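Beneath this line is the structure, given in structure tokens, with notes to follow.
The values are calculated or read from the model by the stated rules, or taken from the named source; none is laboratory data. Quantities reported herein were computed from a predicted structural model and do not represent experimental measurements. In this analysis, Cβ positions are derived from the backbone assuming ideal geometry, glycine residues included, and neighbour counts consider all displayed protein chains. In case anyone asks, the SASA skips ligands and DNA or RNA and just uses the protein heavy atoms, side chains included. Shrake-Rupley method; radii C 1.70, N 1.55, O 1.52, S 1.80 Å.
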Amino acid sequence: MSPVETSVSTQKRRHSLALTVGLLLVGINLAVALLTLFWTPYDPLNASGGRLEAPSLLHWLGTDRLGRDLLTQLMIGARTALLVGTGAVAIGAAIGVSLGVVAAFATRLADDVMAATLDILIAFPTLLLAMLVVAASDSASLWTAILALGLAISAIVARLTRILAKRVLRQDYIVASRTSGTSWAGVVFRHVLPNIWPTLSVNFALQFGLAVIAEASLSYLGLGAPPPNASWGRLLQEAQGTVYTAPIGAIAPGIALVALVIGMNLLADGLRDIADPTRGRSR
Amino acid sequence: MTALLDIRGLTIRAGDKPLVSDLSFAIRPGERIGLIGESGSGKSMTAMAATGLLPPSISATGSIELDGRQVVGATDKVMNRLRGVAAAVVFQEPLTALDPLMKIGRQIAEPVRRRMERDGGKASKEAVNREVRDLIDKVALPQPDRIINSYPHEVSGGQRQRVAIAMALACRPKLLIADEPTTALDVTTQAEILKLLDRLVRETGMALLFISHDLPVVAQVVERVIVLKNGIAIEEGPVGSVFGKPHHDYTKTLVGAARLFDEALGTTGS
């Protein structure tokens, strides 16, 4: 076997491994989140044991300061994290992709204005923007956090979409398609979106991870999902005072958070290879 | 007989720099014309202008009538009804002219469906598929099942150009504009594609505007040629007289160069 072949096959194996691990991590998270809709080990709102109990057979991860089962809180936190990630990316994608495609077609002046506006929005820290939106709304709720993060993501997605769409629009096959009578709408849906999708989807996964972390930060600061919605960020904040006596309270949500974000990124990497037929195929 | 494509006093500019100056020619239905010149002589720009697809930074003045309708200054809506119907284009680089992420079967199906809907009929899936297979057959692509389910990077350059030709034919245009369709191909494939184009043009009776820098290639498929230099038409006439007794120095150089090249290869060309 020549060295070239070897490197190709290792690369392929690495990609499929990334996809498997990513699917596993995100899949476990999703399964746990769905499970909490029907069943949790204990009542998430009421004490089910002593305060700050160490992990035991009854409470696998111990209990928190109020005697609530930590595993139950963690499981519900998975639901919150997925909801925030999905919601924020959905809002960001809907607004961002539309704006980006419009900008790609806009006249020079309109395009410049849009690009500058997006740059300013992106330069503004996501977390600060989210805090502003949350603070401006009457009551902090999970939905204001999702909306705020979605808006922040939309600026990043719009800028990326604009650049990618512009690049695709310069390709010969767009001209070729136009000469056979395809309308601009047809060009967008048949050629532009499918061709920018591989890159966009990877970015969506990245933004998903960032949104999950941002929500944890907001919750940590008390600006995220209010009780009784458990959030990993709030679990971390609540565990702060007792981190030396009961470190599991900080370690468990931390690991959960990192696992979901890494899983999402690996999944994105694997998906890109599937979405783009010109990559990784034998030639 | 009214002309299918009637270009009068066409001037194309990029900023202040003229790319094509005061060009006039006409193509009647079924006529085969060659547009010859070295790269940068404005051949491709003329083709783009004829379909109203010049880049925004490049402007055209004068008159281009395609199938009786004015192209210069026409809106996109008007042009979209002409594109494909009046004229379709085959491009030089067959790889970049196909969407890399769309299977070939679907790419051919797009213009087929559009034409069927345009003709008033309903484009059922079966009818479209049948027509796609028919077209693949017409352009002599082997293994239709494999081709339909392949992506452009999975087939050879010659096959890609056949796909591009099939897509242009799918529109059933009155005029086929072939912009250097054989330049990116090797000599053997070139000859096959030329034969194919020649056969298809004769069979369907469409007009052909063949753009090339390659004299022997042009001579094979057209009846009349226009020689373009720096955006100016310097010579025009039937293939035999222009190539046999060129008047203009530039044409003489082109013919001479082609002859030298053929002699160097040890062939007589065609």
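Confirm whether A:R51 is charged (D, E, K, R) and touching a helix residue (DSSP H, G or I) at 6+ places or on another chain (Cβ under 7 Å). Spell out how you get there, then give the answer.
Values: charged (D, E, K, R): yes; touching a helix residue (DSSP H, G or I) at 6+ places or on another chain (Cβ under 7 Å): no.
The answer is no for A:R51.
Does B:A168 meet the test of being part of a helix (DSSP H, G or I), of a type in the set (G, A, S) and surrounded by fewer than 20 Cβ atoms within 10 Å (Cβ to Cβ)? Reasoning before the result, please.
Numbers: part of a helix (DSSP H, G or I): yes; of a type in the set (G, A, S): yes; surrounded by fewer than 20 Cβ atoms within 10 Å (Cβ to Cβ): no.
Against the criterion (part of a helix (DSSP H, G or I), of a type in the set (G, A, S) and surrounded by fewer than 20 Cβ atoms within 10 Å (Cβ to Cβ)), B:A168 does not qualify.
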message: For a quick check of your reading of the model, give me the residue pairs whose first member lies in the range B:224-239 and is open to solvent by 10 Å² or more (accessible area, probe 1.4 Å), whose second is small (G, A, S), with beta-carbon atoms closer than 7 Å and at least 6 apart or on different chains.
response: B:R224/B:G237; B:K229/B:G37; B:K229/B:S41; B:N230/B:S41; B:I232/B:S21; B:V239/B:A219
query: Out of B:A123, B:A140, which single residue is more than 12 Å from every other protein chain (Cβ to nearest Cβ), open to solvent by 10 Å² or more (accessible area, probe 1.4 Å), touching a residue at least 12 places away in the same chain (Cβ under 8 Å) and assigned to a loop (DSSP other than H, G, I, E, B)?
result: B:A140
field: Odd one out for B:A47 among (1) open to solvent by 40 Å² or more (accessible area, probe 1.4 Å); (2) in a helix (DSSP H, G or I)
entry: (1)
message: Name the residue that is farthest from A:A176 (Cα to Cα), counting only residues in the range B:150-159 that are touching a residue at least 40 places away in the same chain (Cβ under 8 Å) and within 11 Å of chain A (Cβ to nearest Cβ).
response: B:S150
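Do we find that B:R83 is basic (K, R), closer than 26 Å to B:M116 by Cα and either at pLDDT 90 or above or open to solvent by less than 60 Å² (accessible area, probe 1.4 Å) (or both) in this structure?
Details: basic (K, R): yes; closer than 26 Å to B:M116 by Cα: yes; either at pLDDT 90 or above or open to solvent by less than 60 Å² (accessible area, probe 1.4 Å) (or both): yes.
So B:R83 fits the description; yes.
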- prompt: Just one of the numbered conditions (1) under 22 Å from B:L228 (Cβ atoms); (2) touching a Gly at 6+ places or on another chain (Cβ under 9 Å); (3) open to solvent by 40 Å² or more (accessible area, probe 1.4 Å) is not true of B:D76; which one?
  reply: (1)
message: Looking at the range B:53-73 only, could you name the residues that are open to solvent by 40 Å² or more (accessible area, probe 1.4 Å) and among the polar types (S, T, N, Q)?
response: B:S57, B:S59, B:T61, B:Q70
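Please go through the range B:6-31 and give me each residue that is more than 20 Å from B:P55 (Cβ to Cβ), open to solvent by 30 Å² or more (accessible area, probe 1.4 Å) and part of a strand (DSSP E or B), ordered by number.
Within the range B:6-31, the subset more than 20 Å from B:P55 (Cβ to Cβ) is B:6, B:8-9, B:22, B:24-31.
Narrowing the set further to residues that are open to solvent by 30 Å² or more (accessible area, probe 1.4 Å) leaves B:8, B:22, B:24, B:26, B:28-30.
Within the range B:6-31, B:R8, B:D22, B:S24, B:A26 qualify.
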query: Given (1) assigned to a helix (DSSP H, G or I); (2) over 20 Å from A:A216 (Cα atoms), where does A:L129 come up short, assuming only one miss?
result: (2)
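From the list A:P198, A:P194, pick out the single residue that is open to solvent by 40 Å² or more (accessible area, probe 1.4 Å), part of a helix (DSSP H, G or I) and either within 14 Å of chain B (Cβ to nearest Cβ) or touching a Phe, Trp or Tyr at 6+ places or on another chain (Cβ under 8 Å) (or both).
Numbers: A:P198 fails: open to solvent by 40 Å² or more (accessible area, probe 1.4 Å).
Of the residues listed, the single one that is open to solvent by 40 Å² or more (accessible area, probe 1.4 Å), part of a helix (DSSP H, G or I) and either within 14 Å of chain B (Cβ to nearest Cβ) or touching a Phe, Trp or Tyr at 6+ places or on another chain (Cβ under 8 Å) (or both) is A:P194.
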message: A:V157 - would you say it is within 13 Å of chain B (Cβ to nearest Cβ), open to solvent by less than 10 Å² (accessible area, probe 1.4 Å), assigned to a helix (DSSP H, G or I) and touching a residue at least 40 places away in the same chain (Cβ under 8 Å)?
response: no
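Residue by residue through the range B:55-79, note down the ones that are within 12 Å of B:R8 (Cα to Cα) and β-branched (V, I, T). If you could, list the steps in order and put the result at the bottom.
Start the filter on the range B:55-79 by keeping residues that are within 12 Å of B:R8 (Cα to Cα), which leaves B:60-66, B:70-72.
Once the filter is applied, which keeps residues that are within 12 Å of B:R8 (Cα to Cα) and β-branched (V, I, T), the range B:55-79 yields B:T61, B:I64, B:V71, B:V72.
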message: Please pick out the residue among B:M79, B:M48 that is within 14 Å of the chain's Cα centre (by Cα) and within 9 Å of chain A (Cβ to nearest Cβ).
response: B:M48
Condition check for A:V188: without any contact (Cβ under 8 Å) to a residue 60 or more places away in the chain and assigned to a helix (DSSP H, G or I): no
task: Could you tell me which residue of the range B:177-191 is most open to solvent (accessible area, probe 1.4 Å), considering only residues that are more than 11 Å from chain A (Cβ to nearest Cβ) and within 13 Å of B:V89 (Cβ to Cβ)?
output: B:E180
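Restricting attention to the range B:86-117, which residues are of a type outside the set (A, V, I, L, M), crowded, with 21+ Cβ neighbours inside 10 Å and not in a helix (DSSP H, G or I)? It would help to see each step written out before you state the result.
Applying the first criterion (of a type outside the set (A, V, I, L, M)) to the range B:86-117 yields B:91-94, B:96, B:99-100, B:103, B:105-107, B:110-111, B:113-115, B:117.
Subset that is crowded, with 21+ Cβ neighbours inside 10 Å: B:91, B:94, B:99, B:107, B:110-111, B:114-115.
Scanning the range B:86-117 gives B:F91, B:P94, B:D99.
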message: Looking at the range A:206-229, can you tell me whether even one residue there is free of Cβ contacts under 8 Å to residues at least 40 places away in the same chain, within 14 Å of chain B (Cβ to nearest Cβ), out of contact with any Phe, Trp or Tyr (no Cβ under 8 Å at 6 or more places or on another chain) and surrounded by fewer than 21 Cβ atoms within 10 Å (Cβ to Cβ)?
response: no
